[in-house]
Amino acid sequence: MKSENQKIIFLNSYLPRTGHNFASEVIRIFSDHEVLAHSRSETRLSSILHSYYSIYDRKIFHQSDKDFFDELFIDNLRERILNKSDKQYIMIKDTNLIGVDSLIRVFPNDIHLILVRDPKSVFLSLIKGMRLEKRTKKNNLKRLGIKTGLYPYYYSKKLSKQVLQFLPDTSPLTIIRYENLVKKEEKTISILKEKFGTLKSIEKIKEEIDNIEVINSSFFNEVGAKGIWDMRPRTSNYNPLHRKGHSNLVRMSIALGSKNLRRRLGYI
């Protein structure tokens, strides 16, 4: 396929545990894309471009110098990416928002998607996946802090502040809620149908979403386990929107610590 007929899908979310891999599989129903550099990749292209333009805009003054650096790093970048695949759609995904504006600057005519999920669910998942099994002083303090609710509160408050710092202008972006993908919301399906020009019916798309296998999310034994990112069939009690495993105190602490981010993303 010639590069002029190809499109790059940039899928960025604000943190890990937002359901990035599931979202990629849903979008595959509409686009039949290939993820670069591999199916579970988190490609930090946006962060690299952010660093590039931080220097470019603040420390390179002459246009001839800017042209020189663009020739070295930016010109033909899109073509080089597209040459990596024969698919009509290529996806580059990442679990941060740093440099999303730089992606739009370099790739204005491609597809820019932002995946969001309720920060309360994300922080609960992040804490559940922490490696605290080793009996170290730091881990002991974290375990105690989790039980009292203090650590979840300050952890979610700190991360929320970092995310808010890099929230991009959303006007040129398509925002997708993870929860709407899981619930197969028809409005979200229709938006994706239009964006990718798919002729499949909404009912057919819902059926294909139901058939998506999921990432094994048993986080207790996740770190270092072989094949943790393999897709597996859903179990009958699989419910990604109502996960358990933390006390009400921890849940309340995270909700309070992430309040500003939840409000900004429209969850409260």
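The values are calculated or read from the model by the stated rules, or taken from the named source; none is laboratory data. Worth saying up front: this structure is predicted, and the values here are computed from it rather than measured. Cβ sites come from the backbone with ideal geometry, for glycine too, and all protein chains shown count toward neighbours.
Side notes on the structure shown:
- Close pairs (9 angstrom Cβ cut-off, 6 or more residues apart or separate chains): within 12 Å of F73 (Cβ to Cβ) in the range 44-55, basic (K, R) and assigned to a helix (DSSP H, G or I) anywhere: L49/R105; Y53/R105
Residue by residue, here is whether (1) among the basic types (K, R); (2) under 30 Å from H246 (Cβ atoms) holds:
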site	(1), (2)
T43	no, no
K59	yes, no
S64	no, no
F68	no, no
R78	yes, no
V106	no, no
N109	no, no
L124	no, yes
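- Residue in the range 64-78 that is surrounded by 12 or more Cβ atoms within 10 Å (Cβ to Cβ) and under 15 Å from V163 (Cα atoms) present: no
- You will find that of I60, I27, the residue that is among the aliphatic types (A, V, I, L, M), within 30 Å of I189 (Cβ to Cβ) and either without any contact (Cβ under 8 Å) to a residue 60 or more places away in the chain or surrounded by 14 or more Cβ atoms within 10 Å (Cβ to Cβ) (or both) is I27 and no other.
- Failed item in (1) in contact with a Pro (Cβ under 6 Å, 6 or more places away or on another chain); (2) among the β-branched types (V, I, T); (3) within 27 Å of Q6 (Cβ to Cβ), with V182 passing the rest: (3)
- Residue match in the range 216-227 (condition: at pLDDT 90 or above, on the phi < 0 side of the Ramachandran plot and not polar (S, T, N, Q)): no
- Which listed residue is modelled with pLDDT of 95 or more, of a type outside the set (D, E), out of contact with any helix residue (DSSP H, G or I) (no Cβ under 7 Å at 6 or more places or on another chain) and surrounded by 14 or more Cβ atoms within 10 Å (Cβ to Cβ), from I191, I176: I191
- L115, sole failed condition from (1) assigned to a helix (DSSP H, G or I); (2) crowded, with 19+ Cβ neighbours inside 10 Å; (3) aliphatic (A, V, I, L, M): (1)
- Residue check for K158: out of contact with any Ser or Thr (no Cβ under 7 Å at 6 or more places or on another chain), farther than 19 Å from S47 by Cα and outside any helix (DSSP H, G or I): no
- Annotation note: Cβ proximity below 8 Å between a residue of the range 66-84 that is more than 11 Å from Y52 (Cβ to Cβ) and a residue that is part of a helix (DSSP H, G or I) and aliphatic (A, V, I, L, M) (sequence gap 6+ or interchain) occurs for R78/V106.
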